[in-house]
Amino acid sequence: MTFADLGLSPKVLSAVTDAGYTEPTPIQAGAIPHALLGKDILGIAQTGTGKTASFVLPMLTRLEKGRARARMPRTLILEPTRELAAQVEENFIRYGKNHKLNIALLIGGVSFDEQDKKLERGADVLIATPGRLLDHRERGKLLLNGVEILVIDEADRMLDMGFIPDIERICEMIPFTRQTLFFSATMPPEITKLTEKFLHAPVRVEVSKAASAATNIIQRLVKSGSKPWDKRETLRNLIKAEDAELKNAIIFCNRKVEVSELFRSLLKYDFDAGALHGDMDQRARMQMLANFRDGKLRYLVASDVAARGLDIPDVSHVFNYDVPIHAEDYVHRIGRTGRAGRSGKSFTIATKSDTKYIDAIERLIGTKIEWHDGDLSTVVASEGEDEAPRRGRGAPRRAGRKDDDRKDRGERKPRERHAKPGAEAVSETALEELPAVADAVVNDIDQRRTRKEAIRSENTERQASSERSAPRTPERGDTKPQRDRPARHRQEDNDATVGFGDDMPAFMRIVAKV
């Protein structure tokens, strides 16, 4: 079967041929004919099988008739991440080069003004993330009652990111007579309920078992110690061992902070690496992806923002620096390699604490993953870091310390104090002088108490004398003598505060021994 057998328009076929494709993938062959007939579709296929083209190509054919109106897009495509949305826009530009269509991309990290201008001109194709779409809707810049085709892509990722309530709101704003194309790699119960609610007699196109990994990807588990430097050393050794076959690689971490730390470590060891995570500026994220896609970077350290649907066709290796907590993420991560029929390799670095996550992954994909060089029972704990890490939160203070394990348990090694010459003599002298010092302190305290009592008595007499000499000015209804308030600050003129003087305690006169 060729693309010409699917019923696509000549303009679309010409663009597909120019892109170098002649035969459709199974998901494309199964979905495109039904999409051209206007039927709802539930597409289930593992990542990397060409799901994007299976809805882009029939949409382009159907959009050749009609035109868009201001603020009323004709079609809507919902994507979970900015990168996926931008990638779908690239597909429309590539395959729609023979069409004169207005394409609007609504994603975060970009000015509202530019997006408003595109909406005002009228959008034939609107590609958006749910949050930014609802922002425009609430600002009154977008009307959805003209949408003819709705595409919900990477639905399981939408579920993981908490977008399902937003998806339900958006679906209620779109006409009931729309055509809905629904694509997902996995089908958890929540996604099944969503399809039953918003799809009408859908054609189910399932080209592989849900949540299965591609058979052209070699999967291996790699043992490692639990320390960060153990995992970094294991990763570096893997990269060096695979250097002959490694063209480029995506290295996945579970957390953004680990992405940054691993990225800096790889740069320190002269690996040509870049970083990609959700906290980066949108322009920086797109530039980093473009550099990796164009071969300017060999390694891309990324969080799961790069795990879903990113179409970088020729990725030879995927390294899971962390075992994914959600088993479905494993399928999407390793699906970044072995795309479009190519072969690929994936290596997952595992520690003893990752056993339950590995078991969940193997249950999901229905097969056991082989160990690269012995399982976790052969792990030998390391003594310390083999690299000099940068100081930061959670980083060891010094490489190669023997008390690292004590430090990890919250214990602190007692600090040794080295005695200086003559220290013992000083200590004995101080002990001999202790009784005399104590007597001096007691005498000093008695003398200071006596002085304070004398000052207090003198101030009391001065105050009484002032009250007797001051005239009395009785007020109306006053039957008792009125006393003036004492002037507290008058003591400053006759301040009798006395310092140590010659009565300094003996313990303060001891000469410090250096």
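Does region 283-291 include one or more residues that are exposed (fewer than 12 other Cβ atoms within 10 Å of the Cβ) and part of a helix (DSSP H, G or I)?
Within region 283-291, one or more residues are exposed (fewer than 12 other Cβ atoms within 10 Å of the Cβ) and part of a helix (DSSP H, G or I).
Would you mind stating whether Ile239 is part of a strand (DSSP E or B) and under 26 Å from Gly278 (Cβ atoms)?
no
Among the numbered conditions (1) out of contact with any helix residue (DSSP H, G or I) (no Cβ under 9 Å at 6 or more places or on another chain); (2) on the phi > 0 side of the Ramachandran plot, tell me where Ser111 comes up short.
(2)
Which of (1) surrounded by 23 or more Cβ atoms within 10 Å (Cβ to Cβ); (2) at pLDDT below 90; (3) aliphatic (A, V, I, L, M); (4) not in a helix (DSSP H, G or I) does Leu300 not meet, given it meets every other one?
The one condition Leu300 does not meet is (2).
Among the candidates Leu364, Leu376, which residue alone is touching a strand residue (DSSP E or B) at 6+ places or on another chain (Cβ under 6 Å) and either surrounded by fewer than 20 Cβ atoms within 10 Å (Cβ to Cβ) or among the small types (Gly, Ala, Ser) (or both)?
Testing whether each residue is touching a strand residue (DSSP E or B) at 6+ places or on another chain (Cβ under 6 Å) and either surrounded by fewer than 20 Cβ atoms within 10 Å (Cβ to Cβ) or among the small types (Gly, Ala, Ser) (or both) leaves just Leu376.
Check Leu194, Leu144 and return the single one that is closer than 25 Å to Arg121 by Cβ and at pLDDT 85 or above.
After ruling out the rest, the residue left standing is Leu144.
Looking only at residues in region 67-101 that are assigned to a helix (DSSP H, G or I) and of a type in the set (Asp, Glu), which one is surrounded by the fewest Cβ atoms within 10 Å (Cβ to Cβ)?
Glu90
Quick one: in region 30-61, which of the residues that are in contact with an Asp or Glu (Cβ under 8 Å, 6 or more places away or on another chain) and within 16 Å of Val12 (Cβ to Cβ) is surrounded by the most Cβ atoms within 10 Å (Cβ to Cβ)?
The extreme case among them is Phe55.
Which of the following residues is touching a residue at least 40 places away in the same chain (Cβ under 8 Å), over 23 Å from Pro175 (Cα atoms) and in a helix (DSSP H, G or I): Ala35, Ala31, Ala15?
Being touching a residue at least 40 places away in the same chain (Cβ under 8 Å), over 23 Å from Pro175 (Cα atoms) and in a helix (DSSP H, G or I) holds for just one of Ala35, Ala31, Ala15, which is Ala15.
Give just the number: which of (1) free of Cβ contacts under 8 Å to residues at least 40 places away in the same chain; (2) crowded, with 21+ Cβ neighbours inside 10 Å; (3) not hydroxyl-bearing (Ser, Thr, Tyr) does Ala249 not satisfy?
All conditions are met except number (1).
Step by step: first the residues of region 12-29, then only those that are in contact with a Ser or Thr (Cβ under 8 Å, 6 or more places away or on another chain) and surrounded by fewer than 19 Cβ atoms within 10 Å (Cβ to Cβ), then the one that is modelled with the lowest pLDDT. Which residue is that?
Thr22
Residue check: is Val323 part of a helix (DSSP H, G or I), buried (at least 23 other Cβ atoms within 10 Å of the Cβ), among the aliphatic types (A, V, I, L, M) and under 21 Å from the mean Cα position of the chain (by Cα)?
no
Output the residues belonging to region 262-282 that are among the small types (Gly, Ala, Ser) and in a helix (DSSP H, G or I).
Result: Ser265, single match.
Take Ser212 and tell me if it is over 19 Å from Gln46 (Cα atoms), at pLDDT below 90, in a loop (DSSP other than H, G, I, E, B) and not hydrophobic (A, V, I, L, M, F, W, C).
no
In region 149-198, which residues are buried (at least 19 other Cβ atoms within 10 Å of the Cβ), among the acidic types (Asp, Glu) and closer than 23 Å to Arg137 by Cβ?
The answer is Asp153, Glu154.
The values are calculated or read from the model by the stated rules, or taken from the named source; none is laboratory data. In this text, all values refer to a predicted model and were calculated from it rather than measured experimentally. Using ideal geometry, Cβ is built from the backbone for each residue, glycine included, and neighbour counts are taken over all protein chains shown.
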